[in-house]
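Below is one structure, written out as structure tokens, with a few remarks after it.
The values are calculated or read from the model by the stated rules, or taken from the named source; none is laboratory data. Quick caveat: nothing in here was measured; it's all calculated off a predicted structure. For neighbour counting, all protein chains shown are included, and Cβ atoms are generated from backbone atoms with ideal geometry for every residue, glycine included. Accessible surface areas use protein heavy atoms only, side chains included; no ligands, DNA or RNA. Shrake-Rupley method; radii C 1.70, N 1.55, O 1.52, S 1.80 Å.
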Amino acid sequence: RKAALKMRDIVRSTLGLRGVTFVYVGRLWHGKGLTFLLEAFHKLQMSSDKSVSLLLIGDGLEENKLRKICREKEIKNVIFAGFIQKLELPTLYAVSDVFVFPTLGDPYGLAVDEAMACSLPVISSSSAGEIRKRVEDGLNGYIVPPGNSEALFEKMKHLTYHSNLRLVMGSRSYNKVKGHTPERWAEDFEQAV
């Protein structure tokens, strides 16, 4: 555990992450609700006395637009990590504290499962397929309306100030998703059909 924590500190320092770190993994385009995430994160920075970071993992058509928003609104501590190979993702989930999935519409959102498997609480919009089966509001995360930066901000702020709750929710996330494998999903699907 000591070695894992040391590695976490090294990776966080290398990336420039400070304080409570929110992470998003996926394509960088308007349908993922990232402008609302930036609005919520900016409000969190402006209203909080705690240091916070936002780690955006992925690439896409909106990256330059998102970077421009950060520059123009002077949103600090937003790290654009670019595309990361799947095998490297667990390390980046491990240096984060909360997974955020603000999608405006998504059939499923596999990154939610990945984050849960890495013991992270999840803040997701209600527009991620059957998200309510995976994220139980108030138990292993929160569900917010899509495109609502105010609701997103409120949940981010709450988790920023409650480190024990982050740990409890993260543990619940892990327990909820453990044992879910592609093979099990295929078996469940086959039985349903």
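Residues that are more than 24 Å from I143 (Cβ to Cβ), at least 1 per element: which strands (runs of 3 or more DSSP E) completely within the range 1-97 meet that?
Passing ranges, in order: 78-82.
It is to be established whether one or more residues within the range 48-67 are open to solvent by 30 Å² or more (accessible area, probe 1.4 Å), touching a strand residue (DSSP E or B) at 6+ places or on another chain (Cβ under 7 Å) and of a type in the set (K, R).
Among the residues of the range 48-67, at least one is open to solvent by 30 Å² or more (accessible area, probe 1.4 Å), touching a strand residue (DSSP E or B) at 6+ places or on another chain (Cβ under 7 Å) and of a type in the set (K, R), which makes the answer yes.
Those residues that are under 20 Å from S96 (Cβ atoms) and of a type in the set (A, V, I, L, M, F, W, C), I need them from the range 51-65; list them, please.
Those that are under 20 Å from S96 (Cβ atoms) and of a type in the set (A, V, I, L, M, F, W, C): V52, L54, L55, L56, I57.
If you check L37, L15, which single one turns out to be in contact (Cβ under 8 Å) with a residue 40 or more places away in the chain, open to solvent by less than 80 Å² (accessible area, probe 1.4 Å) and under 21 Å from V112 (Cβ atoms)?
After ruling out the rest, the residue left standing is L37.
Taking into account only those residues within the range 93-110 that are of a type in the set (A, V, I, L, M, F, W, C) and open to solvent by less than 20 Å² (accessible area, probe 1.4 Å), which is nearest to T160 (Cα to Cα)?
V98
Being charged (D, E, K, R), more than 13 Å from the chain's Cα centre (by Cα) and under 18 Å from S47 (Cα atoms) is the requirement here; does E130 meet it?
So E130 does not fit the description; no.
Which one of the conditions (1) modelled with pLDDT of 95 or more; (2) within 26 Å of S171 (Cβ to Cβ) does K68 fail to meet, given that it meets all the rest?
Among (1) modelled with pLDDT of 95 or more; (2) within 26 Å of S171 (Cβ to Cβ), the lone unmet condition for K68 is (2).
If you check every pair at least six apart or on different chains, which have Cβ atoms under 9 Å apart with a residue in the range 49-61 that is over 19 Å from L92 (Cβ atoms) first and a residue that is hydroxyl-bearing (S, T, Y) and open to solvent by 50 Å² or more (accessible area, probe 1.4 Å) second?
Matching pairs, first to second residue: K50/Y161.
Could you please find all residues in the range 145-175 being out of contact with any strand residue (DSSP E or B) (no Cβ under 6 Å at 6 or more places or on another chain), in contact (Cβ under 8 Å) with a residue 24 or more places away in the chain and not in a helix (DSSP H, G or I)?
G147, N148, Y161
So in the range 138-168, with the set limited to residues that are among the hydrophobic types (A, V, I, L, M, F, W, C) and closer than 25 Å to M46 by Cβ, which one is surrounded by the fewest Cβ atoms within 10 Å (Cβ to Cβ)?
Among them, the one singled out is L165.
Here is a list: I10, I57. Which entry is on the phi < 0 side of the Ramachandran plot and in contact with a helix residue (DSSP H, G or I) (Cβ under 7 Å, 6 or more places away or on another chain)?
When all the criteria are applied, what remains is I57.
Applying the selection to the range 111-126, what residues are open to solvent by 10 Å² or more (accessible area, probe 1.4 Å), farther than 16 Å from L55 by Cα and in contact with a strand residue (DSSP E or B) (Cβ under 9 Å, 6 or more places away or on another chain)?
Scanning the range 111-126 gives a single hit, S126.
How many of the residues in the range 127-137 are in contact with a strand residue (DSSP E or B) (Cβ under 6 Å, 6 or more places away or on another chain) and either charged (D, E, K, R) or open to solvent by 50 Å² or more (accessible area, probe 1.4 Å) (or both)?
1
Could you list, in sequence order, the residues of the range 29-47 that are farther than 17 Å from R71 by Cα and within 16 Å of the chain's Cα centre (by Cα)?
Within the range 29-47, W29, G31, K32, G33 meet the criteria.
Has the range 78-89 got at least one residue that is of a type in the set (D, E, K, R), modelled with pLDDT under 95 and crowded, with 17+ Cβ neighbours inside 10 Å?
no
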